[in-house]
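Note sheet for the following structure.
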Amino acid sequence: MNNCFRLFLILVLSVTESNAFADTTSCKSISEKALKVLSNRIQKDRLYESRIMKSCYSYQTISCSKTSVDIELNEIHDKICGGDPLMSHMLDMYRVNVKNNSIQWYYAPDGEYMPYNKKRITDK
């Protein structure tokens, strides 16, 4: 199975799972907690510091369940950051478990989430 199809399948399944979690108020609070956990970890590890300014990427919640939140990290394209403003390049995708604050990183070549590992993410 090629990697693009795997990513598509994961996104479809994630959206399906997120639709099952219909309480949008709970999803919003869970997403906020997950975004805080992920952004704090990325800042602490200076994960993208050598590649992109902090003001040139954003987080987007992709799906939400009672236990986890899938989050995309996207480049911002504008006059300050450069790039085509009609495009948004995904840098990475993460899954945050809101029960134990663990983070997983989506490793596209294998088509699956892996435990967060700074070295592996920066070496890709």
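The values are calculated or read from the model by the stated rules, or taken from the named source; none is laboratory data. Please read all numbers here as calculations on a predicted model, not as lab measurements. In this analysis, Cβ positions are derived from the backbone assuming ideal geometry, glycine residues included, and neighbour counts consider all displayed protein chains. For the accessible areas, the whole protein counts, side chains as well, though only heavy atoms, and no ligand, DNA or RNA atoms are used. Shrake-Rupley method; radii C 1.70, N 1.55, O 1.52, S 1.80 Å.
Some notes on this structure:
The rows are residues; the columns are (1) modelled with pLDDT of 90 or more; (2) within 15 Å of VAL96 (Cα to Cα); (3) in a loop (DSSP other than H, G, I, E, B).
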position: CYS27; (1), (2), (3): no, yes, no
position: ILE30; (1), (2), (3): yes, yes, no
position: ASN40; (1), (2), (3): yes, yes, no
position: LYS44; (1), (2), (3): yes, no, no
position: TYR59; (1), (2), (3): yes, yes, no
position: GLU72; (1), (2), (3): yes, yes, no
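- Scan segment 113-124 for residues that are under 17 Å from ALA34 (Cβ atoms) and in a strand (DSSP E or B) and the total you get is 2.
- Residues of segment 93-112 satisfying the condition of being open to solvent by less than 30 Å² (accessible area, probe 1.4 Å) and assigned to a strand (DSSP E or B): MET93, TYR94, VAL96, ILE103, TRP105, TYR106
- In segment 82-92, residue least open to solvent (accessible area, probe 1.4 Å) [restricted to those that are outside any strand (DSSP E or B) and not hydroxyl-bearing (Ser, Thr, Tyr)]: GLY83
- Filtered residues of segment 64-80 (kept if closer than 18 Å to ARG51 by Cβ, open to solvent by less than 70 Å² (accessible area, probe 1.4 Å) and out of contact with any strand residue (DSSP E or B) (no Cβ under 7 Å at 6 or more places or on another chain)): HIS77, ASP78
- Checking HIS89 against (1) out of contact with any Gly (no Cβ under 7 Å at 6 or more places or on another chain); (2) modelled with pLDDT of 90 or more, the condition it does not meet: (2)
- Contact annotation: no residue pair with Cβ atoms under 7 Å, 6 or more positions apart or on different chains, pairs a residue in segment 97-124 that is farther than 10 Å from SER68 by Cβ and among the acidic types (Asp, Glu) with a partner that is outside any loop (DSSP other than H, G, I, E, B) and open to solvent by 60 Å² or more (accessible area, probe 1.4 Å).
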